Amino acid sequence: METLLLLFPQFSYMPPKEEAYFKMFGPVGLQTPKMKDDSSRQKDKERKSRLSLFLTKSGSHENVSPSKKTATTPSNISTEAALQWSDSFEELLKHSDGVETFSQFLRTEFSEENIEFWLACEEYKTTDSETKLLSKAKYIYTIFIESDAPKEINIDYHTKTAIQNNMAKPTKSCFEAAQIKVYSLMKKDSYPRFLQSDIYLRLTRRKGPGATMFRRRSRSCVFNDRGEATTEPSAW
């Protein structure tokens, strides 16, 4: 005790109960409530960081929607298949390769949480078990909805509040309003940029080192990068 008093003179006198506590736990045991609150907040941040890291390591949206996962790489996608995606945003989402390629594009814009949330909601609506519905709803809320979530989507306050109020007893439609807003944002904002992106143009026009092919309006020919014409009636 004498040694402790030399190190911590501010505790030169203590009531017997506090003195026994000090001997057992030392100065660490005398943390203030604020220190404990800070520790709790730090643990909460670490928990969310682990969730974000887990979702990233799991392979983008495959963790929230395994059925949408595809092993096809962009280099194996045919030009004809990729061209179909430009018909409409709805057509793009019908193809697993299209969804994966669109997801890759959104990652370049740091907005992949939109497609991941949409996919999670699509999978969520197919859940029949009330127990699973509750656990999946809480998972989606923790990952995409709550403030400072690892992949928080950008939705308005009223929509977020409505979802929060439904978390006690979630239904299949509790994320519907948010899903519609995110879908509209992707369709009107991200999708047009995707069609003009290098990722998509490489698939449809084979742009890139050693594989450049320029299409020009012609009824019967396509010009390669040496200016040589080849007959191809179906080019346009």
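For region 85-108, a residue qualifies if it is under 14 Å from Pro192 (Cα atoms) and open to solvent by 60 Å² or more (accessible area, probe 1.4 Å), and the qualifying residues are Asp87, Glu90. Each residue in region 160-205 was checked for being acidic (Asp, Glu) and under 30 Å from Lys132 (Cβ atoms), and 1 of them qualify. Only one of the listed residues (Phe110, Phe144, Phe105) is closer than 30 Å to Ser78 by Cβ, part of a helix (DSSP H, G or I) and not basic (Lys, Arg). That residue is Phe105.
Which ones in region 118-133 are among the basic types (Lys, Arg) and part of a helix (DSSP H, G or I)? Give the derivation first.
Going residue by residue through region 118-133, those that are among the basic types (Lys, Arg) are 125, 132.
Hit for region 118-133 is Lys132, nothing else.
Hey, could you check region 160-209 for residues that are closer than 20 Å to Leu92 by Cα, among the β-branched types (Val, Ile, Thr) and open to solvent by less than 90 Å² (accessible area, probe 1.4 Å) and say which is nearest to the chain's Cα centre (by Cα)? Working first, answer last.
Of region 160-209, the ones closer than 20 Å to Leu92 by Cα are 179-206.
Narrowing the set further to residues that are among the β-branched types (Val, Ile, Thr) leaves 180, 182, 199, 204.
Restricting the remaining residues to those that are open to solvent by less than 90 Å² (accessible area, probe 1.4 Å) gives 182, 199, 204.
Working: Val182: 12, Ile199: 19, Thr204: 26 Å.
Result: Val182.
The values are calculated or read from the model by the stated rules, or taken from the named source; none is laboratory data. Since the model is a prediction, treat every value here as computed from it, not as a measurement. Don't worry about glycine lacking a Cβ; one is built from the backbone with ideal geometry, like all the others, and counts go over all protein chains shown. The area values use the complete protein model at the heavy-atom level, side chains included, leaving out ligands, DNA and RNA. Shrake-Rupley method; radii C 1.70, N 1.55, O 1.52, S 1.80 Å.
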